[in-house]
Amino acid sequence: MRKTLRAAGALLLLAPWLALAAPAAKPPAAPDPLDSARWEDMRRQLFADAPVAFDARIKVSAPSMAENPLNVPITVDATALARDLPGSVREILVFADFNPIVQILRFYPGQATPFLGFRVKLQQSTPLRAAVRGDDGVWRVGGAWVNTTGGGCTAPSVGSASPEWQRRLGEVSGRLFARATDGGQGQERVRLRIVHPMDTGLVGGIPAFFIQELVLRDGQGRDLMRIEPNEPVSENPVFTVDLAGNDTRRIQVSGRDNNGNLIQAWLE
Amino acid sequence: MKTVIRALPALAAQVAQIALFAALALPAAARAGEESYQNYDYALAPRRIAADTYVLVGRNEDFTPRNGGNIVNTAFIVTDDGVVVIDTGPSRRYGEQLRQAIARITDKPVVRVFNTHHHPDHFLGNQAFAAPTLAALPGTIDGIRRDGNAFAENLYRLSGDWMLGTEAVAPAAPVAAGTQNFGRHRLEAIADLGHTDADLVLLDTATGVLFAGDLLFHGRAPTTPHADIAHWLAALDHLERLAASGRVSLVVPGHGEVAAPAEPIRQTRHYLRWLDATLRQAADDGLDMNEVLALPLPPDIAALAVSEAEYRRSVGHLFPAIEQEALARHGGRP
């Protein structure tokens, strides 16, 4: 009963606004396929007046029930979209509607395949989305719901309680894997892990401390791709990136965190 | 389901529907051996498996609001000195109903309660028993003190109000490896590890019944939230040697049917070896974690109860460390 009354009240409040909005020229926005109460806020905050469209060719994979809210695996794959619409994937923004820090990372694929695997800290069950911007300025959005017991963003990092990370901060381990693709062309997969606490700043007395930029370059120093992580990326982050072609022999990893510490390594 | 009923001759279909309806409409407590979530009755039915020895076999399922967490095996031995209880179940209600089930069989007092390890389905019934009777390995006591109430909270989320009033009670009495006599039952306590960092195994030398805790699963996929697979496989070797000595007639696994020792040991070892090899191979192939989660299970693994869900959970528990090892072997030089 109470619920009904409240709903009716909300409708009354909305009614004048609806009446004003009705004659506007814009076509009605497509309904959110994930049916999230936060979608309209997300759209306004992240994309303002830019055109936004839901696109099933952007795949976001994550376990529907996440075992560990500190380490939820996400894989973003926009290769189908890039194949169908050349130039449609310049920048990928990964975000979670219900995370206290919504924006998880930005990925500029450059010479890499528009495919990225990594892990995040989630505070509660939420849609995980990838918004892909192309040359046409359109943001195309795909996503999936993840259920979790939560608390991932307000739990202290393991590293913050141990002196170990101070000696190993920024240490990179990684490996190149030669792989065959569906089309028969070779592909080089890069997997790397960086020692970093990735503190969110949401735990009392532990300020935000996280990697802000990560770039892969080839042996000649040419940029291959760039990632700009934010606080919700998991502690000691692991990234999976696919590079087209299998002639890469050496990869340079460089980056920095929000305290100016540098990350430098070669993978071969 | 619908199509099956439609395909039946009309009369049979009607009977099937009536039967279905009757099952749903039956007062919840009336079906023996089946939990009722209306009055929180676990319908515990102790089964005698050897002289003085009773087991309450739980379901090979995950925690649900329907089963109330009755997915675990508990047991008790009625000795001349009193009753010895092995594990207390997932909730206060379970512990209380276990006490009532014991009281229906004997009027002897409970003199000792062992918790085999610090997982919630094995100790959250402790509240129903007198504090001085509770005993566990020191590592288990520490684990219950550290994680006990967080576990209870998590079971509330999974099982609902079956958990009402449940709080973690850590045993005060530490158990050391060695033998203890209860009437004519001489219990040998073995301190091992692998499923958790403290796993208690009890052998009743009078009956040859081995209470293996969660070092053994039978017909159900093992769980791994605190597992160390190398230690666990070593513990299985220890159990196999014990069985080969001829002193074990029956094992009570932590989950699954009571059986002769060979099959639960074989199944648990097979699953753990497969899991370890699969995750190591995946790390060496450069698979991303979601690709590892999507790997298909071979038929013999898929045949175990809840293996799909447990495999996924195990990837979360174990893959990050295995992956780290695989990446570090190649390393990045500054």
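Residues that are assigned by TED's automatic domain parsing to the domain that holds residue B:62 and within 24 Å of residue B:233 (Cβ to Cβ): does segment B:145-165 have at least one?
Here is the first cut: in segment B:145-165, the residues assigned by TED's automatic domain parsing to the domain that holds residue B:62 are B:145-165.
Now restrict to residues that are within 24 Å of residue B:233 (Cβ to Cβ): none.
Within segment B:145-165, not a single residue is assigned by TED's automatic domain parsing to the domain that holds residue B:62 and within 24 Å of residue B:233 (Cβ to Cβ).
So, of the residues in segment B:303-320 that are touching a residue at least 40 places away in the same chain (Cβ under 8 Å) and of a type in the set (D, E, K, R), which turns out to be nearest to the other protein chains (Cβ to nearest Cβ)?
In this case the residue turns out to be B:313.
Can you tell me which residue among B:288, B:300, B:276 is more than 13 Å from chain A (Cβ to nearest Cβ), modelled with pLDDT of 95 or more and closer than 26 Å to residue A:121 by Cα?
B:276
So which residues in segment B:171-207 are in contact (Cβ under 8 Å) with a residue 60 or more places away in the chain and closer than 30 Å to residue B:307 by Cα, if there are any at all?
Those that are in contact (Cβ under 8 Å) with a residue 60 or more places away in the chain and closer than 30 Å to residue B:307 by Cα: B:195, B:196, B:198, B:199, B:200, B:201, B:202.
Take residue A:231 and tell me if it is of a type in the set (Asp, Glu), within 24 Å of residue A:75 (Cβ to Cβ) and either away from every other protein chain (no Cβ under 14 Å) or surrounded by fewer than 22 Cβ atoms within 10 Å (Cβ to Cβ) (or both).
Here the answer is yes, as residue A:231 does meet what is asked.
For residue A:173, indicate whether it is outside any loop (DSSP other than H, G, I, E, B) and of a type in the set (S, T, N, Q).
So residue A:173 passes the test.
Scan segment A:197-222 for residues that are more than 20 Å from the chain's Cα centre (by Cα) and either surrounded by 15 or more Cβ atoms within 10 Å (Cβ to Cβ) or charged (D, E, K, R) (or both) and jot them down. Give the steps one after another, and end with the answer.
Residues of segment A:197-222 more than 20 Å from the chain's Cα centre (by Cα): A:203-207, A:217-222.
Of everything in segment A:197-222, those that are more than 20 Å from the chain's Cα centre (by Cα) and either surrounded by 15 or more Cβ atoms within 10 Å (Cβ to Cβ) or charged (D, E, K, R) (or both) turn out to be A:203, A:206, A:217, A:218, A:222.
Restrict the check to segment A:151-160 and report whether at least one residue is out of contact with any Ser or Thr (no Cβ under 6 Å at 6 or more places or on another chain), modelled with pLDDT of 70 or more and within 10 Å of another protein chain (Cβ to nearest Cβ).
no
Within segment B:191-207, work out how many residues are within 23 Å of residue B:271 (Cα to Cα) and surrounded by fewer than 21 Cβ atoms within 10 Å (Cβ to Cβ).
Residues flagged as within 23 Å of residue B:271 (Cα to Cα) and surrounded by fewer than 21 Cβ atoms within 10 Å (Cβ to Cβ) within segment B:191-207 amount to 3.
All but one of (1) away from chain A (no Cβ under 14 Å); (2) in contact with a helix residue (DSSP H, G or I) (Cβ under 8 Å, 6 or more places away or on another chain) hold for residue B:160; state the number of the condition that does not hold.
Only one criterion is unmet by residue B:160, namely (2).
Which residue, of A:189, A:226, is more than 19 Å from residue A:121 (Cα to Cα), within 14 Å of chain B (Cβ to nearest Cβ), under 21 Å from the mean Cα position of the chain (by Cα) and part of a strand (DSSP E or B)?
None of the other options fit; the residue is A:189.
For the structure I just gave you, tell me whether residue A:106 is at pLDDT 95 or above, more than 13 Å from the chain's Cα centre (by Cα) and either away from chain B (no Cβ under 14 Å) or within 27 Å of residue B:283 (Cα to Cα) (or both).
Here the answer is no, as residue A:106 does not meet what is asked.
Restricting to segment A:248-267, count the residues that are more than 11 Å from chain B (Cβ to nearest Cβ), surrounded by fewer than 23 Cβ atoms within 10 Å (Cβ to Cβ) and in contact (Cβ under 8 Å) with a residue 24 or more places away in the chain. Spell out how you get there, then give the answer.
To start, the set of residues in segment A:248-267 that are more than 11 Å from chain B (Cβ to nearest Cβ) comprises A:248-249, A:255-261.
So of that shortlist, the ones also surrounded by fewer than 23 Cβ atoms within 10 Å (Cβ to Cβ) come out as A:248-249, A:256-261.
Then drop every residue that is not in contact (Cβ under 8 Å) with a residue 24 or more places away in the chain, which leaves A:248-249, A:256-259, A:261.
Adding up the residues that qualify gives 7.
Given the conditions (1) within 14 Å of chain B (Cβ to nearest Cβ); (2) surrounded by fewer than 23 Cβ atoms within 10 Å (Cβ to Cβ); (3) not small (Gly, Ala, Ser), report the number of the one that residue A:133 does not fulfil.
The failed condition is (1).
Please tell me if residue B:266 is within 21 Å of residue B:194 (Cβ to Cβ), away from chain A (no Cβ under 14 Å) and among the charged types (D, E, K, R).
yes
Of everything in segment B:208-231 that's over 15 Å from the mean Cα position of the chain (by Cα) and touching a residue at least 40 places away in the same chain (Cβ under 8 Å), which residue is surrounded by the most Cβ atoms within 10 Å (Cβ to Cβ)?
B:209
For segment A:94-102, indicate whether the set of residues that are charged (D, E, K, R) and either crowded, with 20+ Cβ neighbours inside 10 Å or under 30 Å from residue B:309 (Cβ atoms) (or both) is non-empty.
Taking every residue of segment A:94-102 in turn, at least one turns out to be charged (D, E, K, R) and either crowded, with 20+ Cβ neighbours inside 10 Å or under 30 Å from residue B:309 (Cβ atoms) (or both).
Of the residues that make up segment B:254-276, is at least one farther than 30 Å from residue B:181 by Cα, surrounded by fewer than 21 Cβ atoms within 10 Å (Cβ to Cβ), more than 20 Å from the chain's Cα centre (by Cα) and hydrophobic (A, V, I, L, M, F, W, C)?
Yes, there is a match, as at least one residue in segment B:254-276 is farther than 30 Å from residue B:181 by Cα, surrounded by fewer than 21 Cβ atoms within 10 Å (Cβ to Cβ), more than 20 Å from the chain's Cα centre (by Cα) and hydrophobic (A, V, I, L, M, F, W, C).
Quick one: would you say residue A:116 is within 12 Å of chain B (Cβ to nearest Cβ) and part of a strand (DSSP E or B)?
Against the criterion (within 12 Å of chain B (Cβ to nearest Cβ) and part of a strand (DSSP E or B)), residue A:116 qualifies.
Determine whether residue A:101 is of a type in the set (Val, Ile, Thr), outside any strand (DSSP E or B) and under 14 Å from the mean Cα position of the chain (by Cα). Can you show your working first?
Numbers: of a type in the set (Val, Ile, Thr): yes; outside any strand (DSSP E or B): yes; under 14 Å from the mean Cα position of the chain (by Cα): yes.
Against the criterion (of a type in the set (Val, Ile, Thr), outside any strand (DSSP E or B) and under 14 Å from the mean Cα position of the chain (by Cα)), residue A:101 qualifies.
Hey, residue A:194 hits all of (1) within 13 Å of another protein chain (Cβ to nearest Cβ); (2) of a type in the set (A, V, I, L, M, F, W, C); (3) surrounded by fewer than 22 Cβ atoms within 10 Å (Cβ to Cβ) but one; which does it fall short on?
(3)
Exactly one of (1) over 26 Å from residue B:292 (Cα atoms); (2) part of a strand (DSSP E or B) is unmet by residue A:135. Its number?
(2)
The values are calculated or read from the model by the stated rules, or taken from the named source; none is laboratory data. It should be emphasised that the depicted structure is a prediction, and the values quoted were computed from it without experimental measurement. Cβ coordinates were reconstructed from backbone atoms using ideal geometry, including for glycine residues, and neighbour counts include every protein chain displayed.
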